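A.B. asks: Sharing a structure below in structure tokens format, with a few things to ask.
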Amino acid sequence: MPTLFELLIAWGVLTAALIALLIYRGTLTMHEDDQLFLDESEAHMAREQLEIMQKVNRLGPFLKVLGTASAAMILGIVGMAVYQGWTHP
């Protein structure tokens, strides 16, 4: 059975991956414009914005899974710590 220290290391790695993806998404959305008014000569800007949105949308499921896993894992670790504190005073 894994110890609390090993579980905390695994949680830290999982949470670090989540934070890295959040930072990456933040850098992508910095280059995103809320509204564009383009004529035909600036169509490449519209394509760039579409590519950015596709990248951000692809990150969504990974962020949800990592966020849920991180939250569940820390709750499990806290639960184990409380249980161990009660059973082994």
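Any read-out appearing in this document is the output of simple, stated calculations on the displayed coordinates, not a laboratory observation. No experiment lies behind these values; they were computed from the predicted model shown. Because the Cβ atoms are built from the backbone with ideal geometry, glycine has one as well, and the counts that use them run over all protein chains shown.
A.B. asks: Could I have the simple spin-label model distance between ALA20 and ILE74, label points 7 Å from Cα toward Cβ, reported in nm to one decimal?
C.D. replies: 1.9 nm
A.B. asks: If you don't mind, another one. If neighbour count is taken as other Cβ atoms inside 10 Å, put ARG58, ARG25 in order from fewest to most.
C.D. replies: Ascending number of Cβ neighbours within 10 Å: ARG58, ARG25.
A.B. asks: Pairing the Cα long axis of helix 43-87 with the longest principal axis of the chain, what angle in degrees results, from 0 to 90 and rounded to the nearest 10?
C.D. replies: The answer is roughly 10 degrees.
A.B. asks: How long are the semi-axes of the equivalent ellipsoid of the chain, defined as square roots of 5 times the Cα gyration tensor eigenvalues? Whole Å, largest first.
C.D. replies: One finds semi-axes of 44, 9, 8 Å for the chain.
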